[in-house]
Amino acid sequence: MPTAVLAVLLLAATIDPRLAEPLRLLAEVGARDARTLGAFYARVPDALSLRLTVRALPDGIDARYDRGRRAVTVAESLLVEDPQIVAVVLAHELRHAADLEWVAQGAVTLDCLEVEARGFEAEAIVARAFWPDVLPDTTDREHDMATIVAAYERGGIDGLRAELVSEGIYEEPCAGWRA
């Protein structure tokens, strides 16, 4: 995505300036490969009138999407990572934003676990577009990303879904889930 187009997107949506570089990287990743969908995710904030913010989040939470507030919040602690890692996390949350908008419009029917699996699928695809050969694996977040990519490459979205079920992390949050 040309820089001028990204500048227009940044003006149209409310985006914390600390997320401008990760959003730019997301817009440009895999520009020649439609499967990466980076440009799609980079357009979601403008298309859905989202705010992209940065603030402290509880330990273990890199980012979250709040449909009611129409906001993606990235943890301040994530900003110490490579901007490409932040872009990968943004892809996950922007996938949620798009999916939940489609659910609200009645275009698709997705349950909580499927929404999460699709978010991790977005992470895996975008991560592999950034690092087609060897994934970084130095920081804890890089290690987590590499684990997600490996699970996706082993079993696709079904593998991710099975991994989420076996870990049980989303069991409680998904119990009271409503789109």
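Some points to look at:
- Some residue of the stretch 132-142 being hydroxyl-bearing (Ser, Thr, Tyr) and farther than 23 Å from VAL72 by Cβ: yes
- Any chance GLU142 is in contact (Cβ under 8 Å) with a residue 40 or more places away in the chain, within 17 Å of GLY60 (Cβ to Cβ) and in a helix (DSSP H, G or I): yes
- When the test is whether a residue is surrounded by 15 or more Cβ atoms within 10 Å (Cβ to Cβ), within 15 Å of the chain's Cα centre (by Cα), under 15 Å from LEU26 (Cβ atoms) and among the small types (Gly, Ala, Ser), ALA63 passes it.
- Qualifying residue in the stretch 124-133 (condition: assigned to a helix (DSSP H, G or I), more than 18 Å from the chain's Cα centre (by Cα) and either of a type outside the set (S, T, N, Q) or at pLDDT 95 or above (or both)): no
- Of the criteria (1) in a loop (DSSP other than H, G, I, E, B); (2) among the basic types (Lys, Arg); (3) at pLDDT 95 or above, which one ARG64 fails: (1)
- Here VAL86 meets the list (1) more than 11 Å from the chain's Cα centre (by Cα); (2) surrounded by 15 or more Cβ atoms within 10 Å (Cβ to Cβ) almost entirely, failing just condition (1).
- Any chance ARG55 is more than 19 Å from TYR41 (Cβ to Cβ) and either surrounded by 15 or more Cβ atoms within 10 Å (Cβ to Cβ) or touching a helix residue (DSSP H, G or I) at 6+ places or on another chain (Cβ under 7 Å) (or both): yes
The values are calculated or read from the model by the stated rules, or taken from the named source; none is laboratory data. None of the values given here were measured: they were computed from a predicted structure. Neighbour counts run over all protein chains shown; Cβ positions are idealised from the backbone, glycine included.
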